[in-house]
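First comes the structure, then the notes that go with it.
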């Protein structure tokens, strides 16, 4: 069975790196990017993520704009925003743009894993259709 | 206002007073000063016109009375003078007729003179004698009670003046008889042209006294005659007998009656008038206006009325000033209460914004700590046993526990700051209470706490947000359970407070709170839960307060140490726009 591919886009490398490693230990295939442009570079390679774990505030494009961009590249790609800046307005706007879920940092790894799995299942179903 | 609500309102005002100021607006003296100033102004407004009116009436009436009194005095004096003048005129005319009718030689005849005297005495009461004085000044004949024949009047003043004026009325003098009298003398030229002879009549002043007594009246208290130097010419009631001295003012020798008022205790008015062809001045002593009963009565009535009016003005001014000061004070209190509430709300909003900023900034480093600790733990779990493995795992678990606690705080802070949309809908508040109790009953029974409900069945619906109402009741009832601890009671009652509001009371029999805690209970980050298991963030009641205000309601708390606490929630039956405005 193919591993779920997770791209972590966060300018806080001290957060992204250990999270990436923890997800790897939980049988996910992960890549990290420090900004939306970096992520786009990654998407232009052959490696296509199933789920993106995205920060909200980053240099360059912010999380919501990055979400729109990713959805343009791959509409079936599921995005989970994990940010320290919680806001209902942002959450609602994100949902409008196709966001799968919105979690507030610091996040429980089990909860995140569960949401990633759910997102992956949703993507799988979408791709089947 | 409903008494319980008023009570709570007072308490919350006291609480807010403590929060917002150093007691600057609790200045009793300021309102006393205002009351005093108002009292002075009102007294001036009331008393000044009253005094002016009273003074004007006083002055006008006095002038009127004085004019009337003066007129009466002039009339009385004029009447007295005319009476005296008429009598003297008649007597003088009679003597002149006698002197014209009889020649000197005939009148010098004693028998003739006696006859004439008898006739004269019959017609004119008071004529004591009648005498004829020859050109040599020696009395030639005398008819009267004394024998004065042969008396020489050549050097007498009256004789000299009679010869000069041909007709003379003397001042009163004692004469040879030592009896006060005056004379009327007429000088006639001898038929032979050798000098003048004189016919003289003496009149006792008793006659004058009789005239004077007829002039006395209620207002005329004394009447008498004085000569130009003030010597009395007849008896006076108050100023002595004949020849006594009366202090006469300067009276010009003119016809009109002259008035002089003698001020003082007696308040007397004098009228003076010259009697024509005589050396006399008639003097009337009258009661001045100030001594009259009508004036005294008027004065006492005015004073009495003035006193009553002043008393009424003082009472009214005092009451009005007090009422205005009280009204201003209650308006100020209300304004201060609203200001304090606004300040409190602003404070909460500021704290909320600050909290949100802090929470956001802390969440990121917390996430790093969480992930790094998690990774270390993951790696350790995939590592073979080594001497400190368990200890490391324990430390990492503890570290993650600390992160969890911090996360709870930051997430609540964000919940406190968050402005969620309020969805107003008709809500039956009893249903909301039931739903919340459904969550909490198990927890309460675990602590042996009995929750009783006294919910009014026919309560009208409120227009509110169901989810936020649940949050409110959950927070307060949870707090009550924590406060009671074990083995206690919580009573929840709902009822219609007034046609526009309903009230929910949540009463516990926990340890209660002292006033210093009560005053800070809705402050953010204030907590009394310091135990390891029950440690609080100090945000629960702040959030509750904010939610209740957002829903257009009020929350009050009353507590007594040792007896427990009562949280009172008041909600409008028809929500106003306040909730929307706060969003």
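The values are calculated or read from the model by the stated rules, or taken from the named source; none is laboratory data. This one's a predicted model, so the numbers in the text were calculated from it and none came from an experiment. Cβ coordinates were reconstructed from backbone atoms using ideal geometry, including for glycine residues, and neighbour counts include every protein chain displayed.
Assorted remarks:
- For beta carbons closer than 6 Å, sequence separation of 6+ or different chains, a first residue in the range B:396-424 that is more than 9 Å from every other protein chain (Cβ to nearest Cβ) and a second that is modelled with pLDDT of 60 or more and not in a helix (DSSP H, G or I), the qualifying pairs are B:422/B:465; B:423/B:465; B:424/B:463.
- Across the range B:514-526, the qualifying residues are those that are surrounded by fewer than 17 Cβ atoms within 10 Å (Cβ to Cβ) and not in a helix (DSSP H, G or I), and the one among them that is modelled with the highest pLDDT is B:514.
Table: residues versus (1) within 23 Å of residue B:361 (Cα to Cα); (2) in a helix (DSSP H, G or I); (3) within 12 Å of chain B (Cβ to nearest Cβ); (4) under 13 Å from the mean Cα position of the chain (by Cα).
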residue: A:91; (1), (2), (3), (4): yes, yes, yes, no
residue: A:99; (1), (2), (3), (4): no, no, no, yes
residue: A:115; (1), (2), (3), (4): no, yes, no, yes
residue: A:123; (1), (2), (3), (4): no, yes, no, yes
residue: A:126; (1), (2), (3), (4): no, yes, no, no
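- Residue that is farther than 22 Å from residue B:178 by Cβ, crowded, with 16+ Cβ neighbours inside 10 Å and within 60 Å of the chain's Cα centre (by Cα), where the choices are B:108, B:80, B:63: B:80
- Check on residue B:359, outside the structural domain of residue B:543 (by TED's automatic domain parsing) and surrounded by 15 or more Cβ atoms within 10 Å (Cβ to Cβ): yes
- For the range B:233-252, a tally of residues being crowded, with 18+ Cβ neighbours inside 10 Å and under 19 Å from residue B:78 (Cα atoms) returns 3.
- Residue selected from the range A:22-38 under the condition without any contact (Cβ under 8 Å) to a residue 60 or more places away in the chain and in contact with a helix residue (DSSP H, G or I) (Cβ under 7 Å, 6 or more places away or on another chain), by the criterion farthest from residue A:75 (Cα to Cα): A:25
- Residues in the range B:230-256 that are under 11 Å from residue B:172 (Cα atoms) and in a loop (DSSP other than H, G, I, E, B): B:233, B:234, B:242, B:243.
- Subset of the range B:275-301 [part of a helix (DSSP H, G or I), touching a helix residue (DSSP H, G or I) at 6+ places or on another chain (Cβ under 9 Å) and surrounded by fewer than 16 Cβ atoms within 10 Å (Cβ to Cβ)]: B:294, B:296, B:299
- Criterion applied to B:149, B:186, B:179 was being in contact with a strand residue (DSSP E or B) (Cβ under 9 Å, 6 or more places away or on another chain) and crowded, with 19+ Cβ neighbours inside 10 Å, and the one residue passing it is B:186.
- Qualifying positions in the range B:208-220 - touching a helix residue (DSSP H, G or I) at 6+ places or on another chain (Cβ under 8 Å) and in a helix (DSSP H, G or I): B:208, B:211, B:212
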